[in-house]
Amino acid sequence: MSNTEVVVIGSGIGGLSCAALLARYGIDVTVVESHSIAGGAAHAFERNGYKFESGPSLYSGLSYTPSPNPLRQVLDAIGEDLPCVNYNTWGCYLPEGYFDAQVGADQFCEILQQLRGDKAVAQWRKLQEIMTPLGKSAIALPPSALRYDLGAVLTMGKFAPALLQQAANVIKLTGSFSNIIDGVITDPFIRNWLDLLCFLLSGLPADGTIAAEVAFMFADWYRPHVQLDYPIGGSGALVDALVRGLNKHGGKLVLNAHVEQVLVENNRAVGVRLRSGQEIRASKAVVSNASVWDTLKLIPEGALPKRYVEKQQAIPECDSFMHLHLGIDAAGLPENLGIHYIVVNDWDKGVTAPQNVVVVSIPSVLDSSLAPVGKHVIHVYTPGNEPYAIWQGKERNSEEYALLKQERAEVMWRALERIIPDIRSRCEVSLVGTPLTHGRFLRRHHGSYGPAIAAGKGLFPGGNTPLSGLLCCGDSTFPGIGLPAVAASGMIVANTIAPVQQHLQYISETFG
C-alpha cells in the first residue's frame with residue numbers, strides 16, 4: 001500500500017493537466033495509467049522509426065503567451081515550454097471541389113467569392129461582425145479562475161466587472177451555435193462549412209455545439225496575423241511537457257497501473273485498488289480522468305445514488321474512430337504537400353454520417369523528426385463517425401475482424417489517394433485501428449469520442465460527484481470535448497482541490 005494526497009485515474013490531457021497543476025500547488029499527487037504510454041487519446045507511439053499520433057493533430061494558441069488556450073495556460077503555470085512550428089493552411093476536398101483554406105478572415109472570403117458570390121461573402125462578414133464580441137466574451141473569464149466550491153466567489157472576483165459588461169453575450173454563449181447563425185447565414189455552403197467546423201470541434205454539428213466553443217475558435221482563428229501550431233515532436237511532445245512539469249513539481253506517474261476499483265470508506269472515496277492488488281490511498285481526493293461510463297464501472301455498487309448512476313449511464317455517446325497509420329517512402333512527392341487535409345464526401349448525408357468525413361494528417365512535412373530521412377508519417381482518421389455496433393462482439397484475431405478492418409479502412413485509403421495517388425505502393429508501415437482498438441488501448445467505453453451532449457438539450461456536468469472525495473475531469477465534464485476543453489477541466493478540478501489562498505496567489509501571479 002502507498003499513500004498520496006490525490007490520486008488521478010488516467011493520464012489523458014485532462015488528467016495530466018490536473019495533476020501537474022496540483023503538483024505545482026505543492027500537493028502530493030500520483031497519476032495511475034493503465035497503458036504503458038502516457039497521454040490517453042493524445043498518446044504517441046513508434047514503429048520502425050516512425051512516430052505516430054493516436055489522436056489530435058490540429059492545435060492553436062500553443063506557441064504564444066498569454067494565450068486564451070487553457071492548455072497553454074497549464075504549461076505556463078508549470079513552467080514548461082513547447083516549441084512549435086507554425087502554418088496557416090490546410091487542404092479541403094469538398095463536394096464543390098478542392099481548395100486550400102487558411103485561418104484568418106480574408107482568404108476564406110476569397111474562396112466564398114469564387115464559389116458562392118457576393119451574397120455569401122456578405123453573410124460571412126456579418127457573422128464575423130457578430131462573433132467578434134462573442135469571442136471576447138468567451139475568453140473574458142479564464143478557466144484558471146474557476147473552481148467547484150464557494151471559493152469561486154473570490155477567485156472569479158477579479159473578472160466580475162468584465163463579465164458584467166459581457167452579461168448579454170455570455171447568455172448567448174450558453175446556447176446552441178445554430179441560434180446565432182440562424183437568420184444570418186442562409187447560404188448552404190457556409191452552413192455546411194460551419195457544421196463541419198463544429199463537428200471537428202465537438203463531435204456534433206452546429207445545432208448541437210455550444211456557442212461558446214465556436215466563439216473561442218473564432219477568437220483564436222480569425223484574429224490578425226494568426227497562425228496554427230504544430231508541437232515539434234507531435235502530441236507526444238505535448239504529453240512529455242505535462243509529465244515533465246508533473247515530475248518537476250514532485251508529482252508521480254505510474255504506468256501499467258490498471259485501476260480495478262475506487263476505494264470507498266464511510267461514504268468517501270479514499271483511494272484506488274489496482275489489478276495487481278496494490279492499493280494507493282488518497283487523503284484529499286480521487287480524480288477520475290476516465291469517461292463517464294468507465295468511471296461508473298470503477299465505483300462499488302451502492303456508493304453512488306441509483307438515480308445518479310442511471311442518469312450518467314444514459315448520457316448519449318459520440319461514435320468512435322477508424323485510424324490508418326502509415327509510414328511511407330516520400331521520394332518524388334511534391335514539396336508543397338500540406339500537413340492537413342479534410343475530405344467530405346457528401347454534404348447531403350450530414351457531417352456526422354458514418355465515413356462521410358475523413359481527416360488526413362502528414363505532420364512530418366513540418367517536423368522531419370517524426371519519420372526517417374526521406375520518409376513521411378501519415379495519420380488518417382474518420383473523426384467520431386464510426387459506429388461501434390458494427391464492431392461489437394467481433395473477435396480481434398478472427399478472419400471476420402480482419403476483413404471488416406480492410407473494408408472499413410477503404411474510405412481512408414481513397415481519401416488519401418486524392419492527395420498521394422500511388423500511396424498504396426509507398427507504404428513501409430501500415431496499421432489500421434478500429435473502435436475495438438480505441439477501447440482496448442484507451443479504456444474508452446465503446447471506443448467513444450466522448451458524450452454527445454447537444455447544446456440546449458443538456459450540459460456537461462461539473463467535476464463534482466455525489467460521492468465525497470471523488471471528482472472527475474476530461475471530456476465527460478465541463479467544458480466538454482477537445483484539447484483546450486479537457487485541459488480546462490483538469491485545471492478547474494485542481495483549483496477546487498487547492499486551498500483558496502493558493503489559488504488566489506496563482507491568479508495574481510498570472511493576471512497581475
Say R0 is 56 Å: what FRET efficiency, to the nearest 0.05, do Arg47 and Ala168 get from their beta-carbon distance? 0.60
Protein-only accessible surface order, largest first, of Trp413, Trp124 at 1.4 Å: Trp413, Trp124
Hey, what's region 1-102 come to in accessible area per residue, 1.4 Å probe, Å²? 31 Å²
Kindly provide the helix-only [θ] at 222 nm of the chain, computed as the sum of -39,500 (n - 2.57) over DSSP H runs of four or more divided by all residues, to the nearest 500 deg cm²/dmol? -11000 deg cm²/dmol
In the chain, what percent of the accessible surface is made up of carbon and sulfur (1.4 Å probe, ligands and nucleic acids excluded)? 52 percent
For region 3-47 and region 178-231, distance of Cα centres in Å: 31 Å
Using 7 Å Cα-to-Cβ label points, what is the Glu417/Asp76 separation (nm, one decimal)? 4.8 nm
Share of alpha-carbon pairs per 10 Å distance bin for region 380-481, given as whole %: 12, 33, 28, 18, 7, 1
Scan around Leu253 for amide H atoms under 5 Å from its own, H built in the peptide plane at 1.01 Å from N, and keep only partners 5 or more places away or cross-chain. Val31
With R₀ set to 30 angstrom, the calculated FRET efficiency between the beta-carbons of Ala454 and Thr65, to the nearest 0.05, is 0.35
Calculated log₁₀ intensity ratio I(q)/I(0) where the Debye formula runs over C-alpha points of the chain, q = 0.08, 0.10, 0.11, 0.12 Å⁻¹: -0.48, -0.78, -0.95, -1.15
Taking θ = phi - 60°, what integer Hz values does the Karplus form 6.51 cos²θ - 1.76 cosθ + 1.60 yield along region 475-481, in sequence order, with x for Gly and Pro? 7, 9, 10, 4, x, x, 8
Counting only heavy atoms of protein chains, what accessible area per residue, in Å², does region 206-357 have with a probe of 1.4 Å? 44 Å²
Compute the distance in nm between two label points, each set 7 Å from the Cα along the Cα-to-Cβ direction, one at Met156 and one at Leu404. 4.6 nm
Between Ser36 and Gln502, the two model label points (7 Å from Cα along the beta-carbon direction) sit apart by a distance in nm of 3.5 nm
Residue ranges of DSSP H helices in the chain that stretch 27 Å or more (Cα, own long axis) and have mean Kyte-Doolittle hydropathy of at least -1.0 are 118-138
Using the Kirkwood radius over C-alpha pairs as Rh, can you work out the diffusion coefficient of region 25-78 via Stokes-Einstein at 25 °C, viscosity 0.890 mPa s, in µm² per second? 178 µm²/s
Would you check the accessible area of His446, probe 1.4 Å, heavy atoms only, in square angstrom rounded to 10? 60 Å²
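The values are calculated or read from the model by the stated rules, or taken from the named source; none is laboratory data. These figures come from a predicted structure and were not determined experimentally. Counting neighbours? That spans all protein chains shown, and the Cβs are built from the backbone with ideal geometry, glycine included. For accessibility, only protein heavy atoms count, side chains too; no ligands or nucleic acids. Shrake-Rupley method; radii C 1.70, N 1.55, O 1.52, S 1.80 Å.
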